[in-house]
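The values are calculated or read from the model by the stated rules, or taken from the named source; none is laboratory data. As the structure is a prediction and not an experimental result, all values here were calculated from the model. Using ideal geometry, Cβ is built from the backbone for each residue, glycine included, and neighbour counts are taken over all protein chains shown. For accessibility, only protein heavy atoms count, side chains too; no ligands or nucleic acids. Shrake-Rupley method; radii C 1.70, N 1.55, O 1.52, S 1.80 Å.
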There are 2 protein chains.
Amino acid sequence: MVEHFRRIAVLGVGLIGGSIAAAARSRALGERVVGFAPGRDGEEALALGLVDELAADPGAAVDGADLVVLAAPVPVVRGLFAAVAHRVGAETLLTDAASTKRSTIAAAREALGAAFPRFVPAHPIAGSERHGPAAARPDLFGGCTVLLCPQDETDADAYRRVAAFWEAIGARAVDMPADDHDRLFAEVSHWPHAAVFALCAGIAEGPRAEDALRFAGAGLRDTTRIGASSPGLWADIVLDNREAVLECAAAFERELRATLDAIERRDRAALVECFDAASRWRRRLR
Amino acid sequence: MVEHFRRIAVLGVGLIGGSIAAAARSRALGERVVGFAPGRDGEEALALGLVDELAADPGAAVDGADLVVLAAPVPVVRGLFAAVAHRVGAETLLTDAASTKRSTIAAAREALGAAFPRFVPAHPIAGSERHGPAAARPDLFGGCTVLLCPQDETDADAYRRVAAFWEAIGARAVDMPADDHDRLFAEVSHWPHAAVFALCAGIAEGPRAEDALRFAGAGLRDTTRIGASSPGLWADIVLDNREAVLECAAAFERELRATLDAIERRDRAALVECFDAASRWRRRLR
């Protein structure tokens, strides 16, 4: 049974927030879907029909909302909790879409006070190298997983209703402790972004940057696709999850060193062994 | 005007050789397409209809062929030139599909003698993380580029006819000096494979290998796709192009060091600068 909200406030209407708003509108999950975003994103989201209306500031968006979705970049979302806390109603549910959960939850706990039990931390595993309202689409979450990180204080009814909202826009809800989430996403997303940026930069800053653009095959295109992502957005995510990312970097550097040693020594058996552990794992990812 | 061959010999009928054979058959470019491969690949290619017949050994395949395509892995192809040289006819054309060109050309020059001017070194920029005859398909080269590395000795008529063969199976032929080819492909293919294997191994050998398989998003799937490639095949390619690969690795390590320094120092501006050079370059790759 899908719940219908009177007013859904979506703070941040880029790729993720815009897609949440568009999905909620297309499934009529709210009578009004109200967006807020600084700069041109808000007007663009309104023009694209992602939201029903725009609010002048985050507080005005949240006023009277029975569901608030915070979908701004990581450092912005932390500040938004404090900006909207005094406008959150006594029954209002909250959720977010931030890529890191420990710092987001800590900021929410500090800012939201009595409303914190109605905040259900979430991370939808969806996205692309594109960003902004123009990249949003109502089916972005179809078939994806949304990780939920309920806290000891989290209200059971709020948890159930927010999980149902995420499932109503197409995602499959799975619980995960916030610590586990942040370590896992350092490994499968944050560190790979940093590594791919470095791989691209090595080519971009070298003498064959133009020829590489001309002759790259499908392999390089796929490998480097996330290298087109927003530098500022990913710098914030990586720094927010700094310790876990540095642990992944250390594990990578050990493998890199073994690989380069084998290449330097022309040790084919050792090189095949390096590649084989990787290949056996990757063949299981379907 | 597409030339029709009486007998096309394809040595190695995996992903690349099998696709060349299948493309030649489907376009009726040869009266007979004869394959050779050691082990089960040959029988599999015959069963899949990639070739008209199988030869018992490379020499038997080449006997009477007016076009010979060497499409075996890099170290095998070098040996094949010597194995077939005395069976190559006085008019026979030769081409190959090896991922590295300097060593292949050197081996051909040494082994082929009077036939060397009729050998047109080639590298079709096509492939996938899959390998073997079952991965072959007649349209693999549609829209792709084939790099040709003609030598001072290369016969102009042989060059023209071999280029026309590659174009007849769907590729666009572009000339490139072999040195430039090998340096460029270290950068856009060989080194990225080694780096992606190391990225996968860092995850595979860590405590979250299973969760990573379960929760990886589209980004990690694309980034690591080439990590499912054949370890032995890529170890041989990387070692064959060792110096150029190590140069790319050094450039990568400089970028990696700058990235990790910025993360360790929590220097957002420096981190954005690292990511930005990468992102600006990658956005131009379409």
Is it fair to say A:Val33 is touching a strand residue (DSSP E or B) at 6+ places or on another chain (Cβ under 9 Å) and touching a residue at least 40 places away in the same chain (Cβ under 8 Å)?
no
Hey, A:Ala108 surrounded by 22 or more Cβ atoms within 10 Å (Cβ to Cβ), within 22 Å of A:Leu184 (Cα to Cα), of a type in the set (Gly, Ala, Ser) and in contact with a Phe, Trp or Tyr (Cβ under 6 Å, 6 or more places away or on another chain) or not:
yes
All conditions in (1) in a helix (DSSP H, G or I); (2) at pLDDT 95 or above are true of A:Glu91 except (1)
For residues in region A:268-286 being open to solvent by less than 50 Å² (accessible area, probe 1.4 Å) and over 22 Å from B:Arg214 (Cα atoms), which is farthest from the other protein chains (Cβ to nearest Cβ)?
A:Ala270
Test A:Val188 against the stated conditions and say whether it is of a type outside the set (Ser, Thr, Tyr), outside any loop (DSSP other than H, G, I, E, B) and under 30 Å from A:Arg137 (Cβ atoms).
yes
Can you name the number of the only condition in (1) within 14 Å of another protein chain (Cβ to nearest Cβ); (2) modelled with pLDDT under 95; (3) out of contact with any strand residue (DSSP E or B) (no Cβ under 7 Å at 6 or more places or on another chain) that A:Ser99 fails?
(3)
Somewhere in region B:109-129, is a residue part of a loop (DSSP other than H, G, I, E, B), at pLDDT 95 or above, in contact with a Pro (Cβ under 6 Å, 6 or more places away or on another chain) and not small (Gly, Ala, Ser)?
no
Residue by residue through region A:145-164, note down the ones that are in a loop (DSSP other than H, G, I, E, B) and more than 14 Å from chain B (Cβ to nearest Cβ).
A:Pro150, A:Gln151, A:Asp152, A:Glu153, A:Thr154, A:Asp155
Scanning region B:201-216 for residues that are more than 23 Å from A:Leu271 (Cα to Cα) and either open to solvent by 20 Å² or more (accessible area, probe 1.4 Å) or in contact (Cβ under 8 Å) with a residue 40 or more places away in the chain (or both) gives B:Arg208, B:Glu210, B:Asp211, B:Leu213, B:Arg214
Criterion first (within 7 Å of chain A (Cβ to nearest Cβ), over 13 Å from the mean Cα position of the chain (by Cα) and surrounded by fewer than 17 Cβ atoms within 10 Å (Cβ to Cβ)) does B:Glu243 satisfy it?
no
Which residues, counting only those in region A:174-189, are more than 14 Å from B:Arg214 (Cβ to Cβ) and open to solvent by less than 30 Å² (accessible area, probe 1.4 Å)?
A:Ala178, A:Asp182, A:Ala186
Pairing a residue in region A:260-286 that is over 14 Å from B:Val196 (Cβ atoms) with any residue that is open to solvent by 50 Å² or more (accessible area, probe 1.4 Å), where Cβ atoms lie under 6 Å and the two sit 6 or more apart in sequence or on different chains, gives none
Can you say whether A:Gly142 is in a helix (DSSP H, G or I), within 14 Å of chain B (Cβ to nearest Cβ) and not hydroxyl-bearing (Ser, Thr, Tyr), as far as the supplied structure shows?
no
Suppose the filter is touching a residue at least 60 places away in the same chain (Cβ under 8 Å) and of a type in the set (D, E, K, R); does A:Asp240 pass it?
yes
A:Arg137 passes all but one of (1) of a type in the set (Lys, Arg); (2) assigned to a loop (DSSP other than H, G, I, E, B); (3) more than 17 Å from the chain's Cα centre (by Cα); which number fails?
(3)
If only one of A:Arg225, A:Arg221, A:Arg257 is more than 7 Å from chain B (Cβ to nearest Cβ), open to solvent by 20 Å² or more (accessible area, probe 1.4 Å) and not hydrophobic (A, V, I, L, M, F, W, C), which one is it?
A:Arg257
List pairs: first in region A:141-168 and at pLDDT 95 or above, second of a type in the set (Ser, Thr, Tyr) and surrounded by 22 or more Cβ atoms within 10 Å (Cβ to Cβ), Cβ under 6 Å, 6+ apart or cross-chain?
A:Val162/A:Thr95
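Conditions (1) charged (D, E, K, R); (2) closer than 26 Å to A:Asp180 by Cβ; (3) crowded, with 22+ Cβ neighbours inside 10 Å, marked per residue:
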{"position": "A:Arg118", "(1), (2), (3)": "yes, yes, yes"}
{"position": "A:His123", "(1), (2), (3)": "no, yes, yes"}
{"position": "A:His131", "(1), (2), (3)": "no, no, no"}
{"position": "A:Ala135", "(1), (2), (3)": "no, no, no"}
{"position": "A:Leu140", "(1), (2), (3)": "no, yes, yes"}
First in region A:169-186 and more than 21 Å from A:Asp240 (Cβ to Cβ), second anywhere and surrounded by fewer than 18 Cβ atoms within 10 Å (Cβ to Cβ) and among the small types (Gly, Ala, Ser), Cβ under 8 Å, 6 or more apart
A:Gly170/A:Gly142; A:Gly170/A:Gly143; A:Arg172/A:Gly143
